[in-house]
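Q: Please read through the structure below; I'll follow up with questions.
The values are calculated or read from the model by the stated rules, or taken from the named source; none is laboratory data. The model shown is predicted, which means the values in this text are computed figures rather than measured ones. Virtual Cβ from ideal backbone geometry, glycine too; neighbours counted across all protein chains shown. Protein only, heavy atoms only, side chains kept; ligands, DNA and RNA dropped before computing areas. Shrake-Rupley method; radii C 1.70, N 1.55, O 1.52, S 1.80 Å.
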Amino acid sequence: RAVGIEKVRMQGLSRPPPSQRLNPLAANKGQKLACELSGKPATIVVNFYGVPYYYSDRQTLELDWNGIKQKIAQLLVPLRQPPAVIPSVDERERQEANVRKSKLALIDLCRVESTKFLVHGDFELSIPGAVQALRFSLDVYGAGKIELVPCYLLLAEANLGLGRHKQAEEYLSLANWSILKNPDCSNRTKSQLYRNFGKLYASQGKHDEALRQLANDVYFSSLQVGPEHIETAGGYYYLATVFYLQRRLDCALAMCDKVVDIWFKHIAQLLDPNKVPAGAEPPEDLAESQLMDGLQTLTKIVALREESMGPDHITTGEALYTVSLVYVYARDRQRALQLLNKAYVIYYYELGADSERTNELVRSIRAAGGEPQVPKGPRPQSQMPSSPFGEQGG
């Protein structure tokens, strides 16, 4: 189970080995030395374990080092050296098979590292791992293959996070082309493609097109894992954000209700297997990316409900209760109890101390090692929210 919730870098940044200015005469005639990460003309060179790497500048070198190279530089040594001359056909085939196996392992490692940075919002640092994974994927599978799509999606999402819409669209177009050439690819892959297109169009203000893409995301995710799965809930959430941008508050809140309901059921069953319906499969533990995504999504929904419905509204309390259970799952007891007690005050005044839902929340507080803080005195006056759309309202 993943632990540690607040945004934390996956590793401390470190300085790479010293670099040297590139001697223009060092390259062979007609050879152009390009940057390892950006592809721009190289101006510096650095040696990792005796292997030279070329970069456009020191900043790019440090980005590549901290993003992926410090974890794989030693593994790259046998792949970067000229292959030995082996006369035997059998030995050559064995060597090629070993090289392919090494590249496949590096593809997985690079994608994992890129994803870790991505879910923590370190978009720049996620790019080197994705670029390296794409490079090996092209070597192993060739252009246009479906196996390239995860790398394209990582690069698209990182560029979206950095506001580089043009680059993001280019990677999404490459992913789309690969999927069109391989129509039997998984529904999960299609869902991820449409979700990223939806996020891109939403960021560009193309709201109607964003809704169409996100509707496709929800459709294919539902085919893959079902409409009530936390993976599909991500699509509902992004639909909510677009509805909110369109000032369609009722639709946005309805989508948020769906997300909270899905997450509450999922996390409650993870924390208490007795809540799994008879005959149903128990939910799988959350991966780190799912955990971070759930916390970020539910926290944003709390803020949206506070703004639109009021900080004391029962729906705000429901969102607080749900996100607090995710913190319980992640073993962040302090943050969990803080939010559980905040939700308890809302439930206490909105539903009453004797309500079964209030009592369920009390049991959750005690299970987390706390004790409910019973409000004292009369109920405070409810705070009426201002319109989230300004004076014009929704």
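Q: Could you check, for segment 237-246, whether at least one of its residues is in a loop (DSSP other than H, G, I, E, B) and closer than 26 Å to Ala168 by Cα?
A: Checked segment 237-246: at least one residue is in a loop (DSSP other than H, G, I, E, B) and closer than 26 Å to Ala168 by Cα.
Q: Additional query: Pick from Pro283, Pro277: which is more than 23 Å from the chain's Cα centre (by Cα) and assigned to a loop (DSSP other than H, G, I, E, B)?
A: Pro277
Q: Return yes when Gln246 is touching an Asp or Glu at 6+ places or on another chain (Cβ under 8 Å), more than 20 Å from Glu360 (Cα to Cα), touching a residue at least 24 places away in the same chain (Cβ under 8 Å) and surrounded by fewer than 23 Cβ atoms within 10 Å (Cβ to Cβ) and no when it is not.
A: No, not satisfied.
Q: Restricting attention to segment 163-192, which residues are of a type in the set (Lys, Arg) and either part of a helix (DSSP H, G or I) or farther than 16 Å from Ala130 by Cβ (or both)?
A: Lys166, Lys181, Arg188, Lys190
Q: Under 7 Å by Cβ, and 6 or more places apart or on different chains, what pairs join a residue from segment 185-212 that is under 19 Å from Leu223 (Cβ atoms) with one that is buried (at least 17 other Cβ atoms within 10 Å of the Cβ) and of a type in the set (Lys, Arg)?
A: The qualifying pairs do not exist here.
Q: Among Val218, Val149, which is the only one that is open to solvent by less than 40 Å² (accessible area, probe 1.4 Å), modelled with pLDDT of 95 or more and closer than 22 Å to Ile301 by Cα?
A: Val218
Q: Could I ask something else about it? If you check Ala133 against the conditions, is it crowded, with 18+ Cβ neighbours inside 10 Å, in a helix (DSSP H, G or I), modelled with pLDDT of 95 or more and not basic (Lys, Arg)?
A: Yes; evaluated as a whole, the condition is true for this residue.
Q: So, one more: Can you pull out the residues in segment 47-76 that are free of Cβ contacts under 8 Å to residues at least 40 places away in the same chain, in contact with a strand residue (DSSP E or B) (Cβ under 6 Å, 6 or more places away or on another chain) and within 20 Å of Ile127 (Cα to Cα)?
A: Tyr53, Tyr54, Tyr55, Ala73
Q: Here is a follow-up. Among the residues of segment 13-46, how many are part of a loop (DSSP other than H, G, I, E, B) and farther than 17 Å from Ile127 by Cβ?
A: The qualifying residues number 16.
Yes/no per residue for (1) farther than 26 Å from Leu22 by Cα; (2) more than 19 Å from the chain's Cα centre (by Cα); (3) exposed (fewer than 13 other Cβ atoms within 10 Å of the Cβ):
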site: Val46; (1), (2), (3): no, yes, no
site: Tyr49; (1), (2), (3): no, yes, yes
site: Tyr55; (1), (2), (3): no, yes, no
site: Asp122; (1), (2), (3): yes, no, no
site: Ile127; (1), (2), (3): no, no, no
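Q: Mind checking which helices (runs of 4 or more DSSP H) fall wholly inside segment 302-394 and carry at least 1 residues that are touching a Gly at 6+ places or on another chain (Cβ under 9 Å), at pLDDT 95 or above and open to solvent by 50 Å² or more (accessible area, probe 1.4 Å)?
A: So the answer is 333-350.
Q: Among (1) under 15 Å from the mean Cα position of the chain (by Cα); (2) more than 16 Å from Met255 (Cα to Cα), which single condition is Cys185 missing?
A: Only one criterion is unmet by Cys185, namely (1).
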